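Colleague: Before I ask anything, here is the structure I am working with.
The values are calculated or read from the model by the stated rules, or taken from the named source; none is laboratory data. These numbers were taken from a predicted model, which means no experiment stands behind them. Cβ placement follows ideal geometry from the backbone for every residue including glycine, while neighbour counts extend to all protein chains displayed. Areas reflect the complete protein model, heavy atoms only, side chains present, ligands, DNA and RNA absent. Shrake-Rupley method; radii C 1.70, N 1.55, O 1.52, S 1.80 Å.
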Amino acid sequence: MIAIKDLCKSFGAFEVLKNINLHVAEGEKLTIIGPSGSGKSTLIRCVNGLESPTEGSVIINGEQLNSNSRTYIVRKYCAMVFQQFNLYPHMTVLQNITLAPIKLQKKSKREAVEIAYEYLDLVGLRDKAQAYPATLSGGQQQRIAIARALATRQKILLFDEPTSALDPEMVQEVLDVMIRLSQQDSITMVVVTHEMGFARQVADRVIFLDNGVIVEEAAPEEFFEHPKNERTVTFLSKILR
């Protein structure tokens with residue numbers, strides 16, 4: 001579903017990603033972990049067309065992203081949940097969720113509303129449909145952001161540290177929604193996260209990124225119990241204390 005080939009990304013003289021090669025199968029649940037500044041967010045932004053590779057390529061379902069095609073391809077296949085909720089404050093929850101299906105996917109308002117309630121039920125917030133974002137907790141806003149992404153019914157869901165802006169007590173309610181999503185075979189998920197318990201529970205494969213390089217990748221059982229790279233061992237010993 002996703003093929004990343006010889007991907008490099010620099011900002012001026014600073015090389016953030018260095019020759020990344022990665023394939024994600026359809027329906028696979030991939031988690032990307034690593035220290036701050038390792039290039040995790042830049043990598044997922046390249047997949048979503050928000051950043052252009054300096055070198056190399058990103059191919060989604062056989063279609064290569066370039067300056068002319070990336071908007072079309074990303075809208076065709078991908079939806080993304082960011083660190084910040086990015087909800088429109090002047091719109092109700094329902095209006096936030098139905099905006100993309102109506103404006104970009106040309107669905108009727110009736111169909112978009114039906115879809116919105118389907119995913120509001122999934123995230124447990126049907127009763128907040130007419131509320132405005134400012135009246136919701138951070139955890140509720142992020143669950144609405146997930147419902148908004150789901151309402152586009154894309155095959156690929158990208159998550160860029162979706163719990164990092166939340167208070168600790170709100171983290172689990174968002175992770176619970178993501179765990180339920182991970183049980184759907186039809187959805188390909190790529191999740192940048194610091195939540196090691198989540199990565200262990202839902203991932204088919206864990207990628208450890210450090211200094212712009214994939215240092216290690218393995219199934220979660222092997223990755224967390226028997227890491228092979230010394231840098232991985234050091235990282236996990238600090239974060240799993």
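Colleague: Of the residues in the stretch 72-126, how many are touching a residue at least 60 places away in the same chain (Cβ under 8 Å) and among the hydroxyl-bearing types (Ser, Thr, Tyr)?
Modeller: 1
Colleague: A further question follows. Quick one: which of Ser164, Ser186 is in contact with a His (Cβ under 7 Å, 6 or more places away or on another chain), surrounded by fewer than 21 Cβ atoms within 10 Å (Cβ to Cβ) and not in a helix (DSSP H, G or I)?
Modeller: Within the list Ser164, Ser186, the selection yields Ser164.
Colleague: Every residue in the stretch 200-221 that is open to solvent by 50 Å² or more (accessible area, probe 1.4 Å) and in contact with a strand residue (DSSP E or B) (Cβ under 9 Å, 6 or more places away or on another chain), please.
Modeller: Across the stretch 200-221, the qualifying residues are Arg200, Asp204, Asn211, Val213, Glu217.
Colleague: Consider Arg153 carefully, then state whether it is modelled with pLDDT of 90 or more, within 26 Å of Lys109 (Cα to Cα) and part of a helix (DSSP H, G or I).
Modeller: No.
Colleague: Of the numbered conditions (1) in contact (Cβ under 8 Å) with a residue 24 or more places away in the chain; (2) open to solvent by 10 Å² or more (accessible area, probe 1.4 Å); (3) touching a Ser or Thr at 6+ places or on another chain (Cβ under 6 Å); (4) in a strand (DSSP E or B), Val171 fails exactly one; give the number of that condition.
Modeller: (4)
Colleague: Of all residues in the stretch 187-199, count the ones that are in contact with a strand residue (DSSP E or B) (Cβ under 8 Å, 6 or more places away or on another chain) and over 9 Å from Leu30 (Cα atoms). Walk me through it before giving the result.
Modeller: Step one: filter the stretch 187-199 for residues in contact with a strand residue (DSSP E or B) (Cβ under 8 Å, 6 or more places away or on another chain), giving 187-194, 196, 198-199.
Right, trim to over 9 Å from Leu30 (Cα atoms) and you get 187, 193-194, 196, 198.
Residues flagged as in contact with a strand residue (DSSP E or B) (Cβ under 8 Å, 6 or more places away or on another chain) and over 9 Å from Leu30 (Cα atoms) within the stretch 187-199 amount to 5.
Colleague: I would also like to ask the following. Of the residues Val213, Val192, Val177, which single one is β-branched (Val, Ile, Thr) and closer than 30 Å to Ser108 by Cα?
Modeller: So the residue among Val213, Val192, Val177 that is β-branched (Val, Ile, Thr) and closer than 30 Å to Ser108 by Cα is Val177.
Colleague: Right, something else. Could you tell me how many of the residues in the stretch 40-49 are in contact (Cβ under 8 Å) with a residue 40 or more places away in the chain and over 13 Å from Glu161 (Cβ atoms)?
Modeller: Going through the stretch 40-49 one residue at a time, the tally reaches 3.
Colleague: Quickly run through the stretch 135-161 and pick out the residues that are out of contact with any His (no Cβ under 8 Å at 6 or more places or on another chain) and at positive phi.
Modeller: Arg153
Colleague: So, of the residues in the stretch 1-31 that are of a type outside the set (A, V, I, L, M) and not in a strand (DSSP E or B), which turns out to be surrounded by the fewest Cβ atoms within 10 Å (Cβ to Cβ)? Steps first, answer last, please.
Modeller: Applying the first criterion (of a type outside the set (A, V, I, L, M)) to the stretch 1-31 yields 5-6, 8-12, 14-15, 18-19, 21, 23, 26-29, 31.
Adding the requirement that they be not in a strand (DSSP E or B) leaves 12, 26-28.
Details: Gly12: 5, Glu26: 13, Gly27: 14, Glu28: 17.
Step by step, filter the stretch 1-31, then rank; the result is Gly12.
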